[in-house]
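The values are calculated or read from the model by the stated rules, or taken from the named source; none is laboratory data. Note that this is a predicted model, so its numbers are computed, not measured. Ideal geometry is used to build each Cβ from the backbone, glycine not excepted, and the neighbour counts take in all protein chains shown. Just so you know, the surface numbers come from the protein's heavy atoms only, side chains and all, with ligands and any DNA or RNA stripped out. Shrake-Rupley method; radii C 1.70, N 1.55, O 1.52, S 1.80 Å.
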Amino acid sequence: MKELFKKNKDTLITLGIVTGAYIVIEILLKAGALSSLFKGLLVPLCAYIILAVSLNLTVGILGELSLGHAGFMCIGAFTSAFFSKITVGVINPGWLRFVFAILIGFFFAGLFGFLIGMPVLRLKGDYLAIVTLAFGEIIKNIINVLYIGRDSKGLHFSIKDSVSLGLEEDGQMLINGAQGITGTPKDSTFTAGFILIMITLVIILNFIKSREGRAVMAIRDNVIAAESVGINVTKYKLLAFSLSAALAGVAGVLYSHNLNSLMATTKNFGYNMSIMILVFVVLGGIGSIRGSVISAIILTLLPELLRGLSTYRMLIYAIVLIAMMLFNWAPSARAFRERMVAKLPFFKKKSAEKEV
Amino acid sequence: MRKLGKLTGVVLSAVMAVSMLAGCGSQAKSGAFKIGAIGPFTGDAAIYGLAVKNGADIAIKEINEAGGINGFKIEYNSQDDELDNEKSVNAYNALKDWGMQILVGSTTSGCSIAVSAESSADNMFQLTPSGSAKDCIATPNAFQVCFNDPNQGIASAQYIGSNKLASKVAVIYNSSDPYSNGIYEKFAKEAANQPFEIVSAEAFTSDSKSDFSVQLQKAKENGAELVFLPIYYSEASLILTQSASAGYGFKFFGCDGLDGILGVDNFDKSLAEGVMLLTPFAADATDEKTQSFVKKYQEAYGEIPNQFAADAYDAIYIIKAAIEAANATPDMSVSDLCEAMKVQMGKISVDGLTGLSMTWDEEGAVNKAPKAMEIKNGEYALIQN
């Protein structure tokens with residue numbers, strides 16, 4: 001038992017921090033001490049944490065640059081919202097429907113990750129980044145021309161416009177092109193988000209430690225060496241990439257079931273979002289799961305906290321982002337921090353112990 | 001070493017969480033109605049959001065100077081949503097923390113729909129100045145100032161049909177824009193009942209909106225006399241220019257999105273000569289109300305107001321009328337206020353910049369006469385009929 005604890009100390013610390021944060025927030029929620037803005041941000045925060053952590057699997061562990069993460073999120077969001085929209089009132093209770101929705105988002109995003117990964121993972125570095133970027137845009141654009149309606153005769157599909165669906169008078173639009181899906185049941189809750197974060201963390205942290213994870217990291221560090229010891233490079237790359245995509249799909253499910261009106265715009269599922277997620281990962285530290293969680297929280301809250309600055313806030317946000325990047329990762333800033341820490345008695349022993 | 005980075009992160013987020021908490025809990029009774037507005041103040045659609053913000057601001061200043069609503073002043077706050085549904089909900093929550101009782105927003109359809117899901121849970125009175133999709137008013141607490149898209153499409157088809165403007169009509173619309181789609185769909189449906197036929201319907205998307213030669217050529221090949229443009233003015237100005245340089249000689253007909261076409265930089269105004277549009281507001285209308293509003297807007301912001309600003313201006317006066325009719329006071333709860341105003345919305349009739357004697361149906365859609373304008377001598381002129 002003790003051995004097990006020791007082995008998984010780092011994982012347990014991460015999970016402990018997240019659980020602690022959840023309990024604190026739940027207490028504050030019960031006490032009614034949280035502002036509406038913060039309450040409204042809880043579910044998106046969970047979604048962004050999952051996104052950042054899952055992208056870290058591709059960027060940090062697999063060592064490939066992906067700019068299509070929002071595309072996978074988009075797939076998860078739309079497939080699950082579509083499912084929930086047609087089964088609302090059919091599958092009861094709501095939580096059961098939401099569980100199915102999560103599984104559907106996970107499956108479809110993972111499937112697309114697998115399909116796109118097969119040809120794409122033969123590419124490396126910049127090439128992979130460009131192809132994934134294009135993939136994300138394709139997904140967004142396809143959803144923007146997709147029309148699906150339902151009436152007594154069944155489902156109707158079109159990629160032209162809603163008129164050509166030829167719906168009956170009482171027909172219902174399910175996906176209405178650029179107007180997306182309206183009326184997704186609001187199933188996402190903070191608790192569901194927390195549980196999904198925990199599951200994501202357990203999956204990823206264990207994956208990293210597992211035989212497969214070590215193989216993936218070996219590929220990252222040196223492909224030729226990994227191949228020479230008999231690691232199936234394509235298989236492990238695909239595994240990590242699909243898993244990362246599937247978890248992004250779960251984040252999409254959480255996102256879509258928090259909003260009544262889901263549209264695929266450049267803002268939420270375009271390359272802007274993909275780059276935003278990459279920023280979370282880079283700021284938190286490539287390969288550091290705990291760092292991803294923290295930076296996702298900070299960078300999601302920051303623009304909301306700066307609302308007081310009205311129109312200047314996006315400018316200030318960008319400046320703060322630059323400052324944080326420099327403080328965290330510039331060599332001189334790191335050296336400065338090291339000197340500062342060395343002066344503090346509390347950290348002296350530990351920092352000497354754990355020098356990276 | 002990495003430990004400190006993490007520690008800083010934890011401390012920072014703790015500080016943030018505390019500072020967020022500090023903002024709330026100030027639901028003190030003040031003797032003023034708190035009205036909030038939401039719109040995109042940054043990014044591509046900033047022109048619409050800022051117009052709404054400023055238009056509402058002018059109306060609120062006027063009302064406050066004249067003694068307020070039933071003697072109570074109005075306090076005003078506006079929040080940016082960056083044209084993102086999720087951010088719009090954040091903006092709504094931020095305004096709620098501020099103590100908002102009545103919402104003017106959101107400016108755009110998608111955001112408005114997302115926010116109405118939240119506002120209906122709180123039962124807060126919501127009046128969107130310019131969210132024109134039908135779903136914007138799906139909840140009982142939400143109302144519209146502008147025409148909804150289906151109505152614009154139907155009105156346009158009827159106007160073209162009853163005035164016999166053309167027998168063959170082409171449509172060019174933006175398939176990635178809900179506004180444009182919404183109008184086009186109803187236009188196509190209504191066209192079946194009208195004495196003209198749609199000979200071509202060509203779409204473009206927001207990613208490819210610079211070259212319209214293919215769409216125009218198709219329209220010409222199919223013998224269209226009139227091109228219906230349910231789109232915004234920036235793309236329409238390109239279509240007019242490209243059509244003129246190819247010498248097609250179409251008539252053009254548009255909706256309220258075309259309002260503003262005369263203000264496009266480097267656009268030859270003579271090309272817009274004879275373009276007809278159905279729009280509720282024109283900045284150069286000669287009535288006293290419009291002129292005073294345009295003058296005030298220009299003094300304050302140095303621009304000629306567009307239809308969005310006028311819608312927001314009207315929104316504030318509609319709220320005023322509803323509150324006065326309900327004899328409501330600011331110390332009522334948000335939900336009570338909404339219930340009281342909802343009842344009155346079905347009864348009141350408001351004269352505004354965007355229409356005379358506006359009334360609302362049970363669903364929350366506005367009922368007002370559309371105005372047809374024609375561009376003559378480089379100005380919008382009302383078509384009398």
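Oblate is the label for region A:165-230. Its Cα gyration tensor axes, ordered a ≥ b ≥ c, give a/c of at least 1.5 and b/c at or above a/b. Could you pull out the pairs from A:Lys9/A:Lys39; B:Lys73/B:Lys342; A:Lys186/A:Lys267 whose alpha carbons sit more than 23 Å apart here? Violating the 23 Å limit, Cα to Cα: A:Lys9/A:Lys39. In region B:150-279, taking the dipole from charged Cβ atoms about the Cα centre, the farthest positive-side position among B:Gly260, B:Ile183, B:Gln242 is held by B:Ile183. The order of the peptides B:309-315, B:46-52, A:147-153, A:225-231 by mean Cβ neighbours within 10 Å, most packed first, is B:309-315, B:46-52, A:147-153, A:225-231. For region A:2-353, averaging the sequence separation of C-alpha pairs within contact (under 8 Å, six or more residues apart) and dividing by the residue count gives a relative contact order of 29 percent. Only alpha carbons enter this Debye calculation for region A:280-334, each as an equal point scatterer, and the log10 of I(q)/I(0) it gives at q = 0.15, 0.16, 0.27 Å⁻¹ is -0.45, -0.51, -1.04.
Given in Å, the Rg to one decimal and the Dmax to the nearest whole number for the Cα atoms of region A:6-102 are 17.2, 48.
For chain B, averaging the sequence separation of C-alpha pairs within contact (under 8 Å, six or more residues apart) and dividing by the residue count gives a relative contact order of 17 percent.
If you add up the charges near A:Ala215, with Lys and Arg at +1 and Asp and Glu at -1, over every other residue whose beta carbon is less than 14 angstrom from its beta carbon, what do you get? Kindly include the intermediate steps, with their values, before the conclusion.
Values: positive: A:Lys209, A:Arg211, A:Arg214, A:Arg220, A:Lys235, A:Lys237; negative: A:Glu212, A:Asp221, A:Glu227.
Spelling it out: positives minus negatives among the neighbours equals +3.
From other protein chains only, count the Cβ atoms within 10 Å of every residue's Cβ in A:314-326, then give the mean. Walk me through the numbers before you get to the answer.
Values: counts 5, 1, 0, 0, 0, 0, 0, 0, 0, 0, 3, 0, 0.
So the per-residue partner count for this stretch is 1.
Peptide B:86-96 has a mean of 6 when you count, residue by residue, the C-beta atoms of other protein chains within 10 Å of its C-beta. Estimated at the nearest 10 Å², the accessible area of B:Cys136 is 0 Å² with a 1.4 Å probe.
Taking region B:60-154, which trypsin sites (Lys or Arg not before Pro) meet the DSSP loop condition and have no more than 13 other C-beta atoms within 10 Å? Intermediate values should be presented prior to the final figure.
Numbers: sites: B:Lys61, B:Lys73, B:Lys87, B:Lys96, B:Lys134; in loops: none.
When the trypsin sites (Lys or Arg not before Pro) of region B:60-154 are filtered for loop state and at most 13 Cβ neighbours within 10 Å, nothing remains.
Its Cα centre serving as origin, region A:34-173 has a Cβ charge dipole (Lys and Arg +1, Asp and Glu -1) of approximately 280 debye. Over all other residues within a Cβ to Cβ distance under 12 Å of B:Ala309, the charged ones net out to -3, with Lys and Arg as +1 and Asp and Glu as -1.
Let me check I've understood the local charge: for B:Phe187, count other residues with C-beta under 13 angstrom from its C-beta, Lys and Arg +1, Asp and Glu -1. What total comes out? Walk me through the numbers on the way to the answer.
Working: positive: B:Lys186, B:Lys189; negative: A:Asp161, B:Asp149, B:Glu185, B:Glu190, B:Glu197.
With Lys, Arg at +1 and Asp, Glu at -1, the neighbours total -3.
Its Cα centre serving as origin, the protein assembly as shown has a Cβ charge dipole (Lys and Arg +1, Asp and Glu -1) of approximately 3940 debye.
Report the number of Lys pairs in region B:181-330 whose alpha-carbons are under 29 Å apart, with separation of 8 or more residues or on distinct chains. Count of close lysine pairs: 23.
Mind checking the alpha-carbon convex hull of region A:209-329 and giving the volume per residue in Å³? Before the final figure, lay out each step's value.
On the way: hull volume 17.3 nm³, N = 121.
Convex hull volume per residue, Cα atoms: 143 Å³.
Tell me, rounded to the nearest percent, the portion of alpha carbon pairs in the protein assembly as shown spaced more than 33 Å apart. Write out the running numbers ahead of the final one.
Working: 148974 of 274170 pairs.
The answer is 54 percent, as a whole percent.
Let's see if you can work this out: charge +1 on each Lys and Arg Cβ, -1 on each Asp and Glu Cβ, no other charges. What is the dipole magnitude of region B:119-238 about its Cα centre, in debye to the nearest 20? Write down the numbers at each step before the final one.
Values: 8 positive and 13 negative charges, 68 e Å.
Dipole about the Cα centre, nearest 20: 320 debye.
The Kirkwood hydrodynamic radius of region B:96-173, based on inverse pair distances between different Cα atoms, is 14.0 Å.
Show me the ranking of peptides A:58-65, A:237-244, A:5-12 by mean Cβ neighbours inside 10 Å, starting with the highest.
Values: A:58-65: 22.2, A:237-244: 24.0, A:5-12: 12.5.
The densest-packed peptide leads the list: A:237-244, A:58-65, A:5-12.
For chain A, the spread of Cα positions along the three principal axes, ordered from largest to smallest, is 75, 57, 47 Å. Of the residues A:Ile203, B:Ala381, A:Ile91, the one whose Cα sits farthest toward the positive end of the charge dipole of the protein assembly as shown, with +1 on the Cβ of Lys and Arg and -1 on the Cβ of Asp and Glu, is A:Ile203. With an a/c value under 1.5 for the gyration tensor axes a ≥ b ≥ c computed over the alpha-carbon atoms, region B:150-279 is described as rounded. Comparing A:Ser164, B:Phe143, A:Ala246 along the charge dipole axis of the protein assembly as shown, the residue lying farthest to the positive side is A:Ala246, per the Cβ-charge model. Where the centroid of each part is defined by its Cα atoms, how far is region A:306-346 from region B:185-256 in Å? Centre-to-centre (Cα) distance: 52 Å.
Scanning chain B for long hydrophobic helices, with DSSP H runs required to stretch 18 angstrom or more by C-alpha along their axis and to average at least -1.0 on the Kyte-Doolittle scale, returns B:2-22, B:46-65, B:109-122, B:149-162, B:178-191, B:233-246, B:307-326.
Going by average Cβ density within 10 Å per residue, which order do the peptides A:83-90, B:256-263 take, highest to lowest? Mind dumping the intermediate values first?
Values: A:83-90: 16.0, B:256-263: 23.1.
Highest-to-lowest ranking by the protection proxy: B:256-263, A:83-90.
Shielding of peptide B:117-123 by partners, expressed as the average count of other chain Cβ atoms within 10 Å per residue Cβ, is 2. Hydrodynamic radius of chain B by the Kirkwood approach over all distinct alpha-carbon pairs: 21.9 Å.
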